[in-house]
1. Please find, among Arg142, Arg163, the residue that is within 17 Å of the chain's Cα centre (by Cα) and basic (Lys, Arg).
2. Answer yes or no as to whether Arg286 is in contact (Cβ under 8 Å) with a residue 40 or more places away in the chain, basic (Lys, Arg) and surrounded by 17 or more Cβ atoms within 10 Å (Cβ to Cβ).
3. From the list Ala137, Ala181, pick out the single residue that is free of Cβ contacts under 8 Å to residues at least 60 places away in the same chain and either in contact with a Leu (Cβ under 8 Å, 6 or more places away or on another chain) or closer than 22 Å to Leu297 by Cα (or both).
4. Got at least one residue in the stretch 41-59 being in a strand (DSSP E or B) and either in contact (Cβ under 8 Å) with a residue 24 or more places away in the chain or in contact with a Phe, Trp or Tyr (Cβ under 9 Å, 6 or more places away or on another chain) (or both)?
5. Got a number for residues in the stretch 225-271 being touching a strand residue (DSSP E or B) at 6+ places or on another chain (Cβ under 7 Å) and farther than 17 Å from Gly94 by Cβ?
6. Does the stretch 237-249 include one or more residues that are hydrophobic (A, V, I, L, M, F, W, C), under 15 Å from the mean Cα position of the chain (by Cα) and part of a strand (DSSP E or B)?
7. Of everything in the stretch 99-149, what is at pLDDT below 95, surrounded by 15 or more Cβ atoms within 10 Å (Cβ to Cβ) and of a type in the set (A, V, I, L, M, F, W, C)? Give them in sequence order.
8. Can you name the residue in the stretch 80-103 that is in a loop (DSSP other than H, G, I, E, B) and over 17 Å from Arg140 (Cβ atoms) and, of all such residues, is nearest to the chain's Cα centre (by Cα)?
Amino acid sequence: MTAPFPDRPVHGQILGGLSVTPDLDAALADYAGTLGLELVEQGTLDAALAESWGCPRSAGTRIATLRPSSGAPCALRLVEQPDHPEFKPTTTHGWAAYELTVRDVFGWPDRLDGSGFSIQGMPKELEGMAYFVPMQALGRGREMIYLNEVRADMPNCDLPIARSDVDHIFICILATPDRAATVRWYEDTLKLKGVDTFNLSYKMINNAFGLPDSHRTDLTMVQHGRMTIFEVDGYPAQAKPRARHSGMLPPGNALVSLAVDSLDLPDVAWIAPPQVRSEFPYGERRCATLAGPAGELVECIEYV
């Protein structure tokens with residue numbers, strides 16, 4: 001099984017996922033009270049950080065940062081902003097879901113009862129996939145989270161066993177209009193590697209677009225060595241760019257933070273110049289954000 005996180009995160013490691021929510025207090029009850037994540041800090045989003053994410057109008061909004069009680073260096077951040085009426089999960093390009101490693105996935109439906117999470121897929125053992133058991137839920141901001149109980153490593157990648165009831169994000173799902181081009185972009189820009197490509201009947205996507213079960217989706221796993229990072233899903237032609245309030249974060253799953261070896265990358269168009277920040281998950285390191293090919297926000301935190 002995957003070893004405990006090293007003292008120094010490795011290139012490509014997921015250091016956080018940020019979601020928006022219309023009611024921060026209620027979302028904190030869900031994430032801290034129901035999921036058992038630890039509140040690190042809360043306050044207001046400062047202007048420099050909002051500018052670095054390309055969302056200057058989000059400056060001054062309420063923000064909270066949580067982390068798993070396992071101590072994993074993964075920040076789950078929540079930013080309060082109004083819902084966007086045109087946003088419907090699993091129908092637009094961008095970050096579609098965060099997958100968290102958990103204990104006892106079959107116990108989570110009862111634990112989510114009465115919370116702000118709505119279950120989209122009950123825990124289910126997948127035929128021919130004995131490595132993990134997933135379930136899916138939507139939060140109050142219509143952000144999608146997968147709660148995955150890992151049981152074994154896969155042949156070509158390591159999957160992390162949870163060290164707390166809900167532990168860190170270990171895969172982020174990206175919806176894109178051009179899967180192959182998106183994978184190449186991550187290979188060229190961030191020196192990650194597209195590994196296995198699967199073709200399957202993806203029930204959640206088919207249901208969202210009213211497609212028959214016979215419709216099949218190509219998805220590619222993006223890794224660094226044996227560490228999984230992204231699942232890149234090729235969405236159907238009906239999918240659209242994600243609508244968002246002008247100058248604010250995208251709705252739902254809004255931004256993913258990654259560790260990188262260096263921010264001195266050639267031909268990278270950062271939204272704003274790199275800055276040093278002290279709060280978790282930065283720890284006095286440089287960070288900068290870029291927009292990916294599907295419009296997704298990718299925040300890079302430098303470890304040298």
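1. Arg142
2. no
3. Of the residues listed, the single one that is free of Cβ contacts under 8 Å to residues at least 60 places away in the same chain and either in contact with a Leu (Cβ under 8 Å, 6 or more places away or on another chain) or closer than 22 Å to Leu297 by Cα (or both) is Ala137.
4. Yes, some residue in the stretch 41-59 is in a strand (DSSP E or B) and either in contact (Cβ under 8 Å) with a residue 24 or more places away in the chain or in contact with a Phe, Trp or Tyr (Cβ under 9 Å, 6 or more places away or on another chain) (or both).
5. Residues meeting the conditions: 10.
6. no
7. Phe132, Val133
8. Top of the filtered list is His93.
The values are calculated or read from the model by the stated rules, or taken from the named source; none is laboratory data. Keep in mind the model is a prediction, meaning the values are calculated, not measured. We place every Cβ from the backbone using ideal geometry, glycine too, and count neighbours over all the protein chains shown.
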